Each structure stands twice: as C-alpha cells, then as structure tokens.
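Undergrad: Below you'll find the structure I mean.
All of the numbers you see were taken from the coordinates with simple rules; none came from a lab. Just so it is clear, the model here is predicted, and its values are computed rather than measured. Every residue, glycine as well, gets a Cβ built from its backbone with ideal geometry; the counts of neighbours run over all protein chains shown.
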Amino acid sequence: MQIDLDTLPDDPAILQQMLRDAVHQHCALHAENDKLRLLIQRLLRQQFGRRSEQLSPDQVQLGLEDLEQAVAENQAGQDATEAPQDRRRTAPPRRNHGALPEHLPRYEVLIDVEQPDWPISHADAIVCINMLHISPWSATLSLFRKAAELLPTHAALFLYGPFIRHDVKTAPGNLEFDASLKARDPEWGLRDVAQVDHLADGCGFVRAALVEMPANNLSLVYCKV
Ligand SMILES: C[S@@+](CC[C@H](N)C(=O)[O-])C[C@H]1O[C@@H](n2cnc3c(N)ncnc32)[C@H](O)[C@@H]1O
C-alpha cells in the first residue's frame, strides 16, 4: 500500500481505513520477516549441514552475504513499486562501525580493488580483512599494485584472514572452507602466504609481521620499502 503523506485525505473514515490497511501490512511484514529468518536458518543448514551452528564467522558471513544479496535484489524490486517518498525513508545500510572510537571521523568510500581508479589519492595505511580468499587472485594483485601507488614508504598494508602456509599444517576447518570457496568459484580460495610474499616483494613490500589469530586466521603486515 502506498501512502502519500503530502496528500492525506481529510475524511476520517478514509483515514481510519488507511490506518487499518497500514496495520495489516505491518503485521504481514512481521510474519514475512519471521519466515525469512527461518529460511536463513534452513539455507545455512542446507549449505553447511547441521554443523552450521559451529561455522567459522567467515563461513557464516559468506552464507549471509548471499542471502543479503537476495534480500537486496528483493528490496530493489519492492522499491521499484514504491512511491518515491517511501523510498526516501528506507533505513540506511548497517555498517559495523561500533568498535571505532567515537572521536574518529567516519568517511565511507567504496573501493573495488580491481578498478584502475580508486576514489582516493593517497593512504596512510591500508587494511584489508577477509577479502583475499573471497575474490580472484587478480584482486590481490590489484590490491598490492594500488597499495604500492598510494602508500608512502614504511606504511603498512595489513591483511587479515585465513591463509595456507606450507610449513604449518592447515586446520581442517580451513581446508574445508577452501574447498567450499572453490566449489562456489574456482578463482576463490585461501591464499598461500608464500605466494602473497612473492607478490608483495614484486610490488615493493616486505612482510614485517605474521601473527596467528583466533579461529586459524592470520594477520599479515606488509611494509612498503
Ligand atoms: C567475507 S567478506 C568480509 C567483509 C569484512 N571485511 C569482514 O571481515 O567482515 C568479503 C568482502 O570482500 C569484498 N570484496 C570482494 N571482492 C572485492 C573487490 N574486488 N574489491 C573490494 N572488495 C571486495 C566483498 O565486498 C566483501 O565485503
């Protein structure tokens, strides 16, 4: 139901009917939300089995991203049928900014690392979390090449996520995750630290730190030389 708030009718009977319709629609949306929540649970279970309750945050994130994409497409379809004034009231996207100290300014910039032109001209540091394995190797290449252009000497390119190391046994969960990524897209998959080091070297970076993190993730800090 579309309500144009600028042209509400004066007739109380019509207004009452509109209110009843709005409440009815509100209840229907609630019911739909409940159904979608159940669907999310079912889809996660379908994709990862009953163990989905024990998925790594990465795996859950991936499953949810697919669902978010589907919901966004749904929403886009819905927006197209809504009046413009309804669209303006759409909630802003949720961003995980909760952990940033309050006094820091927030600048939201969207960067596709594979685009030749990034919407920034320089950076003091670059942080890239959980992306390398969920994008083709060409994205890692672009990231390092652009980081080499944008960062000053001694600045850090910080990477976080699951990686493969030849000298350390890969956790079974990570191997499974790697296989599931490759099944979704053969160009995805956990990156080999030695290969990333090699790429970094070719782009003028040296690995300054490797820190083991919870859930078999690594922090890799590359320093521009
Ligand atoms: C598993 S999510 C990680 C999200 C977030 N960094 C985190 O750790 O919660 C993978 C992210 O990689 C991003 N990504 C994939 N390809 C990309 C590209 N070419 N440029 C920029 N980001 C990309 C996706 O947009 C997605 O947000």
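Undergrad: What are the pairs with Cβ atoms under 9 angstrom where one residue, in segment 99-120, is of a type in the set (Phe, Trp, Tyr) and the other, located anywhere, is away from the ligand (no atom under 12 Å from the Cβ) and not in a loop (DSSP other than H, G, I, E, B)? Sequence gap at least six, or different chains.
TA: If the second residue must be away from the ligand (no atom under 12 Å from the Cβ) and not in a loop (DSSP other than H, G, I, E, B), the pairs left are Trp118/Glu149; Trp118/Leu150.
Undergrad: Go through the residues of segment 147-161 one by one and say whether even a single one is of a type in the set (D, E, K, R) and surrounded by 14 or more Cβ atoms within 10 Å (Cβ to Cβ).
TA: no
Undergrad: Please go through segment 176-207 and give me each residue that is loosely packed, with under 14 Cβ neighbours inside 10 Å and among the hydrophobic types (A, V, I, L, M, F, W, C), ordered by number.
TA: Ala179, Ala183, Ala194, Val206
Undergrad: For segment 162-206, enumerate the residues that are part of a helix (DSSP H, G or I), closer than 15 Å to Val221 by Cα and hydrophobic (A, V, I, L, M, F, W, C).
TA: Scanning segment 162-206 gives Val193, Ala194, Val196, Leu199, Ala200.
Undergrad: Here's another thing I want to ask about it. When residues of segment 142-156 are filtered for being away from the ligand (no atom under 14 Å from the Cβ) and of a type outside the set (Ser, Thr, Tyr), how many remain?
TA: 8
Undergrad: Report, by residue number, each residue of segment 110-134 that is of a type in the set (S, T, N, Q) and more than 10 Å from the ligand (Cβ to nearest atom).
TA: Passing the criteria: only Ser121.
Undergrad: Among the residues of segment 146-161, write down those that are outside any helix (DSSP H, G or I) and over 18 Å from the mean Cα position of the chain (by Cα).
TA: Once the filter is applied, which keeps residues that are outside any helix (DSSP H, G or I) and over 18 Å from the mean Cα position of the chain (by Cα), segment 146-161 yields Leu151, Pro152, Thr153, His154, Ala155, Ala156, Leu157.
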